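What follows draws every value from the coordinates through simple rules; no lab data is involved. Predicted, not measured: the structure shown is a model, and the values here were computed from it. Virtual Cβ from ideal backbone geometry, glycine too; neighbours counted across all protein chains shown.
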Amino acid sequence: MANTTILTNNLTLNNLDFTQSCNAAADFNRLYFWGSGKKLFLETYHSLINFVITALPGESDIPSDCQIMSWFVDLNARAEDREQVLNHMYRKPFDMCREQSCTAITYPGNADIAGVGVSHQLPWLVGPYSLFHADALRLLV
């Protein structure tokens, strides 16, 4: 589980607040989750380091770049932690920093893509389709 992967001073994924800096969140998500198949290693590396450092509680010691990279690789190596990584490092920061995230990934439309209108209409639109295609339900999560 994600709670067992320690970054430094007993800080786990659950202790880090990845919404503290919307700019760092948007930059990391742009490069890591929305980047092209040819990810720019150094740019993504520096973005990850900055993103993790901005997520640390104020009284924490700052880990070295090597500690952060090692922690991130270990965290992603275990299948049971991947959903936690998505929730803590992608979904929550993306939702909390929607304007910056949409700008970073150059989404030209409305940043409020999960507003009231969508949330009321989506079940009616997707419901019948999902009866025949179970995989469609995964798209909603």
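Answer with yes or no whether Pro63 is closer than 15 Å to Phe18 by Cα and not polar (S, T, N, Q). Spell out how you get there, then give the answer.
Numbers: closer than 15 Å to Phe18 by Cα: no; not polar (S, T, N, Q): yes.
In short, no.
Take Ser70 and decide whether it is assigned to a helix (DSSP H, G or I), hydroxyl-bearing (Ser, Thr, Tyr) and touching a Phe, Trp or Tyr at 6+ places or on another chain (Cβ under 6 Å). Reasoning before the result, please.
Values: assigned to a helix (DSSP H, G or I): yes; hydroxyl-bearing (Ser, Thr, Tyr): yes; touching a Phe, Trp or Tyr at 6+ places or on another chain (Cβ under 6 Å): no.
Considered against the rule, which asks whether it is assigned to a helix (DSSP H, G or I), hydroxyl-bearing (Ser, Thr, Tyr) and touching a Phe, Trp or Tyr at 6+ places or on another chain (Cβ under 6 Å), Ser70 comes out as no.
For segment 73-97, a tally of residues being surrounded by fewer than 16 Cβ atoms within 10 Å (Cβ to Cβ) and in a loop (DSSP other than H, G, I, E, B) returns 1.
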